[in-house]
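Following: one structure in structure tokens, then a few remarks.
The values are calculated or read from the model by the stated rules, or taken from the named source; none is laboratory data. Treat the numbers as computed from the prediction; the structure is a model and nothing was measured. Ideal geometry is used to build each Cβ from the backbone, glycine not excepted, and the neighbour counts take in all protein chains shown.
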Amino acid sequence: MSTELEIQQTQARIAEVFARREQLKHALDNGTLPARLGFSQLETVDRELSELDSRFKALWDAAHSRTPAAGNARPA
């Protein structure tokens, strides 16, 4: 799988997990989800979001790492 494709898939997954996080927060605010269960699920979602964010950053850095341009190299 190409890095760019993996970046796109990771971005899509981040959006899905973030939407789930917002749903959980809304359900907790409205009282439609028991607090103990909701906070447990929110913790799990936050952990997944953090892992996805770290993965995205690593992929982004790998795809956009800068190498010195040939014109900028100093002669030996």
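Worth pointing out:
- Tabulated pairs, region 12-35, first more than 12 Å from residue 48 (Cα to Cα), second outside any loop (DSSP other than H, G, I, E, B) and of a type in the set (Phe, Trp, Tyr), C-beta under 8 angstrom, 6+ apart or interchain: 28/39
- Taken over region 1-38, the residue count meeting the criterion of being charged (D, E, K, R) and modelled with pLDDT under 95 is 1.
- Within region 53-76, residues that are among the charged types (D, E, K, R) sit with their Cβ atoms under 8 Å from residues that are at pLDDT 85 or above and surrounded by 10 or more Cβ atoms within 10 Å (Cβ to Cβ), at 6+ positions apart or across chains, in these pairs: 53/14; 55/10.
- Candidate set: region 1-54, residues that are outside any helix (DSSP H, G or I) and of a type in the set (Ser, Thr, Tyr); chosen: the one farthest from the chain's Cα centre (by Cα): 32
- Test: residue in region 58-71 that is among the β-branched types (Val, Ile, Thr), surrounded by 11 or more Cβ atoms within 10 Å (Cβ to Cβ) and either modelled with pLDDT of 95 or more or out of contact with any Leu (no Cβ under 6 Å at 6 or more places or on another chain) (or both): no
- Looking only at residues in region 13-39 that are surrounded by fewer than 12 Cβ atoms within 10 Å (Cβ to Cβ) and small (Gly, Ala, Ser), the one that is nearest to residue 2 (Cα to Cα) is 15.
- Selection of first residues in region 39-50 that are among the charged types (D, E, K, R) and of second residues that are part of a helix (DSSP H, G or I), restricted to Cβ pairs under 6 Å at least 6 apart or on distinct chains, gives the following pairs, ordered by first then second residue: 48/17.
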